[in-house]
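A short write-up of the structure that comes next.
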Amino acid sequence: MPLRRTAPRAARRLLPACLAGALLACLLSCSGGGGTPTAGARGVGDRLFPGAGNGGYDVTHYGLDLSYDPGSGRLAGTAVITATATQDLSRFTLDLAGMTVTEVGVDGRTAGTGRSGTELTVRPARELRRGARFETTVAYTGVPRLLTDPDGSHEGWFRTDDGALALGEPVGSMAWFPGNDHPSDKAAFDVTVSVPSGLTAVSNGDLAGTRTAAGRTAFHWRSTAPMATYLATVGIGHFTVTRSRSPRGVPLYVAVDPRSDDPQTAAALRRLPDILDWESGHFGAYPFGSAGAVVDHLPAGTVGYALETQTRPVFPGDGEGPAVDVPTLVHELSHQWFGDSVTPSSWQDMWLNEGFATYATWMWQEQQDGVPLSRSAATAFADPAAWAFPPAKPPTAADVSAQPVYGRGALVLYELHQALGDAAFARLLRGWPAAHFHGNASTADFTAYCAGLTTRDLAPLFATWLYGKARPAHL
Ligand code: TRP
Ligand code: ZN
């Protein structure tokens, strides 16, 4: 269990070393150690979400130590962020929406801070050299916010009647921890959540341990595989937990709010192990050390979507329809390969997530339910909403989860299947996530990868299906 760090105490103890360090840094920079350190950019320059993420560093690990009080909705947290400077840095920013920051330290020394919008500026006592590994500690507290996206959907921190649920796509992780909130910067995570004993806190990865003391239980979740911030989740509440293994041996942890345990949900979840292994057969070995699901209960209209949170997708139930159905389970589990292991480099590459996940469901429906893939493709092709914009060019941030990203994204794969033939297309389904295992990739990386699978010129196919505005005459 990670210990809570107290930055000011360390800072006082290290003050003389800090002065010596500053002198040394000055000597180094005066003796040709590089140019004047500058501020890290306040965004990574994402075309659709310009404020998302930050420049000048690359996070390798988040250690989040959280304590939640369901009665008041208050979250108290300490984030220890290990990163490498990618430039000489005089200061840098973290993304954080709301919350009160009480202390910030860098490498044990108190740092200067500033807040503006969703940017938390950190000015380390000592400038950071390019290539330096540094540790930023942020202590914060408050009632986390629910954020509204340009498309009107909500993410961030949902308060539930028995706890809370954190969902981050696209920029909601900044509601509950400070970080580099852009998919291009993936990192390992250790998330420890302390809750009143009797409640469960579920998150991504493996349950590394629990500890109960003074009426509270801390759950320590560990993700050793890199994870994008938008894929981090926490579910707090009353859950029935089932632990098992898939036939191929993947450890499963499924947490279900008893109020969302309707018969259809239970039946769908019983198929989870087989779906996972069926997907492994098509997409390659499951990319993470554990899998599962979180099924929570929230009032109707609060979330409205399932999310492919890494290793443990979240399904909100509202008591009206079933919380989980098989096609949605197939969709979210397929994202573990397409989105979670190979993650888009930027938000406009979103079709690489949703196109593959939609196509995975078409494959499942053909093989399991006898619905021909050509029929699913024809339905998507006929949907006028799919033709609002090209899948690789969502015009605004409000369009990242619109129909062209899903249906037309899947049609790109349908067309590739026709062009490549069965064998090369099967190689694409396994080879693409393997080529960028636990990494990032862009649309350009994808088209280049496809080109390597065939002697055919795929440029016209991509011009029409990926970048073209007009609907072609036929599939
Ligand atoms: N990715 C989710 C899915 O499985 C849908 C979704 C939720 C989404 N929030 C989003 C997509 C924000 C894009 C942006 O389909
Ligand atoms: Zn999806």
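The values are calculated or read from the model by the stated rules, or taken from the named source; none is laboratory data. Since the structure is predicted, the reported quantities are computational estimates derived from the model, not experimental observations. Every residue, glycine among them, receives a Cβ derived from its backbone with ideal geometry; neighbour counts consider all protein chains shown. Accessible surface areas use protein heavy atoms only, side chains included; no ligands, DNA or RNA. Shrake-Rupley method; radii C 1.70, N 1.55, O 1.52, S 1.80 Å.
For R74, the amide hydrogen comes within under 5 Å of the amide hydrogens of D69, counting only partners 5 or more places away or on other chains and with H modelled in the peptide plane. Evaluated with a Cβ-only charge set (Lys, Arg +1; Asp, Glu -1), the stretch 229-334 carries a dipole of roughly 420 debye about its Cα centre, given to the nearest 20.
Here the extension length gained between R133 and A382 equals 84.4 nm, from 0.36 nm per residue of separation less the Cα-Cα distance. Scanning residues 5 or more positions from D296 or on other chains, those with amide H under 5 Å from its amide H are D257, F315, G317, with H placed 1.01 Å from N in the peptide plane. For the stretch 343-465, the square roots a ≥ b ≥ c of the C-alpha gyration tensor eigenvalues yield an a/c under 1.5, which makes the shape rounded. Placing +1 on the Cβ of every Lys and Arg and -1 on the Cβ of every Asp and Glu, with nothing else charged, gives the chain a dipole about its Cα centre of roughly 1660 debye. Among A285, A423, V324, whose Cα projects farthest towards the positive end of the dipole of the chain, with charges put on the beta-carbon of Lys, Arg (+1) and Asp, Glu (-1)? Of the listed residues, the answer is A285. Distance between the C-alpha centres of the stretch 189-246 and the stretch 133-157: 18 Å, rounded to the whole angstrom. The slack between T454 and A39, meaning 0.36 nm per residue of separation minus the straight C-alpha distance, is 144.9 nm. Name the shape class, rounded, prolate or oblate, that the alpha-carbon gyration tensor gives for the chain, where a ≥ b ≥ c are the square roots of its eigenvalues, rounded holds for a/c under 1.5, and otherwise prolate holds if a/b is larger than b/c and oblate otherwise. Note, shape of the chain comes out oblate.
Report the local net charge at D162: Lys and Arg +1, Asp and Glu -1, summed over other residues whose C-beta lies under 15 Å from its C-beta. After counting each charged neighbour, the total is -4. Packing around the peptides 61-68, 349-356, taken as the average count of other Cβ atoms within 10 Å per residue, puts them in this order, highest first: 349-356, 61-68.
Can you give me the angle between helix 351-369 and the longest principal axis of the chain, using Cα atoms only, in degrees from 0 to 90, rounded to the nearest 10? Between helix and principal axis, roughly 40 degrees.
Each label was represented as a point 7 Å from its Cα along the Cα-to-Cβ direction; for S197 and D422 these points are 5.9 nm apart. The residues neighbouring V412, those whose beta-carbon lies less than 14 Å from its own, together hold a net charge of 0 under the Lys/Arg +1, Asp/Glu -1 convention.
Where only DSSP H runs of four or more residues are counted, the chain gives -8000 deg cm²/dmol as its mean residue ellipticity at 222 nm, each run worth -39500 (n - 2.57).
Here the accessible area of the stretch 239-333 is 52 percent carbon and sulfur, with a 1.4 angstrom probe and all protein chains present. Backbone phi angles across the stretch 120-135, fed through the Karplus curve with coefficients 6.51, -1.76 and 1.60 (θ = phi - 60°), yield HN-Hα couplings of 9, 8, 10, 10, x, 4, 10, 4, 9, 8, 3, x, 6, 8, 9, 10 Hz in residue order; Gly and Pro are listed as x.
Rolling a 1.4 Å probe over the protein heavy atoms gives the chain an accessible area of 38 Å² per residue.
Residues whose amide H lies under 5 Å from that of T217, counting only those 5 or more places away or on a different chain, are V195, S197; hydrogens are built 1.01 Å from N in the peptide plane. Listed peptides 46-56, 159-169, 374-384 appear in the order 159-169, 46-56, 374-384 once ranked by packing, highest mean of other Cβ atoms within 10 Å at the front.
If the segment from T210 to T84 were pulled out straight at 0.36 nm per residue, it would be longer than the present Cα-Cα gap by 42.3 nm. How would you classify the stretch 232-378 from its alpha-carbon gyration tensor, with a ≥ b ≥ c the square roots of the eigenvalues: rounded for a/c under 1.5, else prolate if a/b is greater than b/c, otherwise oblate? Rounded, since a/c falls under 1.5. Positive-end ranking of Q367, L298, G40 along the dipole of the chain, with charges on Cβ about the Cα centre, is headed by G40. Split the accessible area of the stretch 96-144 by element, probe 1.4 Å, and carbon with sulfur accounts for 43%.
Other residues whose C-beta falls under 10 angstrom from the C-beta of G51 contribute a net charge of -3, scoring Lys and Arg +1 and Asp and Glu -1. Taken one residue at a time, the phi angles of the stretch 377-392 give Karplus couplings (6.51, -1.76, 1.60, θ = phi - 60°) of 5, 5, 5, 5, 4, 7, 6, x, 5, 5, 9, 5, 6, x, x, 8 Hz. Gly and Pro are set to x.
For the stretch 80-91, the Karplus equation 6.51 cos²θ - 1.76 cosθ + 1.60, evaluated at θ = phi - 60°, returns couplings of 10, 10, 9, 9, 10, 6, 9, 7, 5, 10, 8, 7 Hz by residue, with Gly and Pro reported as x.
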